[in-house]
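The values are calculated or read from the model by the stated rules, or taken from the named source; none is laboratory data. From a predicted model like this one, the values you see are computed outputs, not experimental measurements. So basically every Cβ, Gly included, is an ideal-geometry build from the backbone, and we count neighbours across all protein chains shown.
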Amino acid sequence: MYVWAVSARGLTGARIAYVTGDHYFTAQPASDAPPREVEFSVADRDYRLASAGGVFSASRLDPGTAVLLRKAELPDADTTGNLLDLGCGFGPIACVLADMAPASTVWAVDVNARARDLTAANAARIGAGDRVRVSAPDDVPADLTFAELWSNPPIRIGKEELHELLLRWLPRLAPDGVGWLVVARHLGGDSLQRWLTEQGWQVERHASQKGFRVLRVTR
């Protein structure tokens, strides 16, 4: 039996919780990582990305991520600046953002080292290796701000840790920046919207599909 520090500390700068065995927010997964391929389409573009065990939704595009990429307003060729994929996993959001917005720089952030390696490989696979900056949370420059933040946030780290995560990263949006979040309704999507509003954010339920809420967050 192994006890691993949950990555909440790296994501939020706050306390450490503990889990037994590997989880997608384990910093250094010890489980085997047989290679996998995940195929999906977004905006009539096809993607085939490498994945492996020990990362979030290793065998398919997570349904929440699929709803986010389908329903949120994707960047386009005119989009510039820094875009953030918070909790990048094997990199589907980061790769789509880099593909859609070639004039931007995408920061793909995850505490999971295996996820970061996969994201870097997948960015290179789609020809965006020079525009996707893969990073552990504490290695992102402190003065960096983001035009857009995209996340299927790690709800299962717990409500307190999730709130700390969002309180750390949402303030790094540029003054006119926008955050896109997807949260399952049964995992607290509506209560998270209320909490963000109480923290002073402007929050719009941009879309709902298949039990997921897509939230648009601005200052």
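What to note about this one:
- A search for C-beta distances below 6 Å between a residue of region 89-116 that is under 20 Å from residue 64 (Cβ atoms) and any residue that is assigned to a strand (DSSP E or B) and among the acidic types (Asp, Glu), counting only pairs 6+ apart in sequence or on different chains, returns 93/85; 94/85; 108/85.
- Inter-residue pairs, beta-carbon under 6 Å, first under 25 Å from residue 184 (Cα atoms) and in region 142-157, second among the charged types (D, E, K, R), 6+ apart: 146/172; 150/85
- Filter pass, residue 66 being more than 19 Å from residue 211 (Cα to Cα), small (Gly, Ala, Ser) and under 17 Å from the mean Cα position of the chain (by Cα): no
- Applying the criterion of at least 1 residues that are at pLDDT below 95 to the strands (runs of 3 or more DSSP E) found wholly in region 12-106 leaves 18-20, 36-42.
- Checked against the criterion of being among the small types (Gly, Ala, Ser), surrounded by fewer than 24 Cβ atoms within 10 Å (Cβ to Cβ) and either in contact with an Asp or Glu (Cβ under 8 Å, 6 or more places away or on another chain) or more than 22 Å from residue 204 (Cα to Cα) (or both), the candidates 50, 66 yield just one match: 50.
- Subset of region 102-127 (residues that are surrounded by 22 or more Cβ atoms within 10 Å (Cβ to Cβ) and more than 23 Å from residue 166 (Cβ to Cβ)): 114, 118, 122, 123
- The condition of being at negative phi and in contact with a Phe, Trp or Tyr (Cβ under 8 Å, 6 or more places away or on another chain) holds for only one of 178, 203, 182, that being 182.
- Options 163, 186; residue that is more than 19 Å from residue 61 (Cβ to Cβ), in a helix (DSSP H, G or I) and either polar (S, T, N, Q) or over 16 Å from the mean Cα position of the chain (by Cα) (or both): 186
- Exactly one residue among 175, 141 is surrounded by fewer than 18 Cβ atoms within 10 Å (Cβ to Cβ) and part of a strand (DSSP E or B), and that residue is 175.
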